[in-house]
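Here is the structure we will look at, set down as structure tokens.
Any read-out appearing in this document is the output of simple, stated calculations on the displayed coordinates, not a laboratory observation. Bear in mind that the values here come from a model prediction, so they are computed numbers and not experimental data. Quick reminder, even Gly has a Cβ in these numbers, built from the backbone with ideal geometry, and neighbours come from all protein chains shown.
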2 protein chains.
Amino acid sequence: MTPRTAEAARVEEANQAFYDAVERSDLDALEELVLTGPLAETVSVVHPGWPVLRGRREVMRSYALIMANTEYIQFFLTDVEVAVDGDTALVTCTENILTGGPAEEEGEMGSLVGGLVVATNVFRRTSEGWRLWVHHGSPVMADGVDEDAAEDVDNGGEGSA
Amino acid sequence: MTPRTAEAARVEEANQAFYDAVERSDLDALEELVLTGPLAETVSVVHPGWPVLRGRREVMRSYALIMANTEYIQFFLTDVEVAVDGDTALVTCTENILTGGPAEEEGEMGSLVGGLVVATNVFRRTSEGWRLWVHHGSPVMADGVDEDAAEDVDNGGEGSA
């Protein structure tokens with residue numbers, strides 16, 4: 001394995017660890033994976049359908065909220081692509097999500113729902129390994145250009161910039 | 001202006017130039033703004049509701065398609081936040097979009113439609129200036145956590161990773 005490939009493997013591990021932490025509702029594990037230091041205030045996350053959350057504190061608060069309101073969530077990652085350039089790494093992937101909300105809630109998340117989300121994740125290399133700087137997830141339209149798009153995702157959005 | 005602030009201003013200019021090019025349907029201007037070189041094959045773009053497009057060629061083809069099918073599009077950028085770290089720059093912003101499709105088409109894009117999209121854009125510094133490496137745009141839900149969300153966007157998506 002060339003050094004570059006080994007590095008890409010480490011980035012993919014960090015990416016998988018990120019989803020594992022959310023899957024296990026492990027906020028502590030997530031805390032360790034999200035970038036700290038000078039760029040902490042620039043950490044940015046977009047959950048599907050949400051506005052931009054900026055800054056480590058706001059991002060972590062959103063995950064605490066999501067974890068508290070998600071009874072069950074499972075990610076099957078496909079189309080994982082990794083690019084490493086210096087101290088920056090880009091990962092794009094498809095999140096095949098199976099999720100369910102608390103049974104006692106009246107919302108539509110009570111039963112299990114399948115969903116298809118695409119994600120752009122950017123990691124930064126630190127002395128402690130690769131850390132998440134940017135995460136942007138968005139729902140894929142069922143009638144989009146990809147015929148494999150999930151059937152359970154009900155959403156809109158127009159092609160634009 | 002400190003060097004860091006000056007650099008952030010240049011990044012913001014590149015970000016604005018990107019939207020201006022799409023607004024003017026200027027594919028040549030867009031060609032110049034999208035990263036070339038060793039990372040060209042890792043350029044990735046997600047249009048709202050689309051799967052990931054990867055590689056400069058596929059990305060440019062999608063913009064040619066969008067431009068051909070968009071009679072009118074206008075972006076008002078708000079919440080523009082820039083972070084620069086070495087040769088990488090992160091921009092997050094809200095795209096307040098006014099758009100319309102060709103009048104002769106039967107699709108629902110015939111009349112002007114307002115939309116709210118949030119974008120994560122990553123730029124790389126090159127000898128010729130800042131160039132777009134990553135763009136991810138996604139629709140914002142009207143009933144999301146942000147009360148100012150657009151009223152015309154009709155979409156779904158659940159909070160997840």
Note to self: I need the phi-derived Karplus couplings for region A:65-81: 6.51 cos²θ - 1.76 cosθ + 1.60, θ = phi - 60°, integer Hz, Gly and Pro marked x.
What the structure shows: 5, 4, 4, 5, 10, 10, 6, 8, 8, 9, 10, 10, 8, 10, 6, 6, 10
Next item on the list: With only Lys, Arg, Asp and Glu charged, each at its Cβ (+1 for the first two, -1 for the last two), find how big the charge dipole of region B:3-142 is about the Cα centre; round to the nearest 20 debye.
Entry: 520 debye
Check: Taking H as built 1.01 Å from N, whose amide H comes closer than 5 Å to the amide H of B:Glu71, not counting residues under 5 places away?
Finding: B:Gly100, B:Gly101
Note to self: Just checking the output field for A:48-59: average partner chain Cβ neighbours within 10 Å of each residue's Cβ?
What the structure shows: 6
Checklist line | Nearest-first distances (nm) between copies at B:Leu65, label 7 Å from Cα via Cβ | finding: 3.4
Notebook entry, point to check: Could you give me the ³J(HN,Hα) list for region B:38-55, computed from phi with Karplus coefficients 6.51, -1.76, 1.60 and θ = phi - 60°, whole Hz, x at Gly and Pro?
Noted result: x, 8, 4, 6, 9, 4, 9, 9, 10, 7, x, x, 9, x, 6, 9, 10, x
Checklist line | C-alpha center-to-center spacing [region A:1-57, region B:32-95] in angstrom | finding: 22 Å
Note to self: Label position 7 Å from Cα toward Cβ: report the copy-to-copy distances for A:Thr36 in nm, one decimal, ordered from shortest.
What the structure shows: 4.3
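Per-residue Cβ counts within 10 Å, from other chains only, averaged over B:116-124: what number is that? Display every interim value, and only then the final one.
Working: counts 2, 5, 9, 5, 10, 2, 7, 0, 3.
Taking the mean over all residues of the peptide, I get 5.
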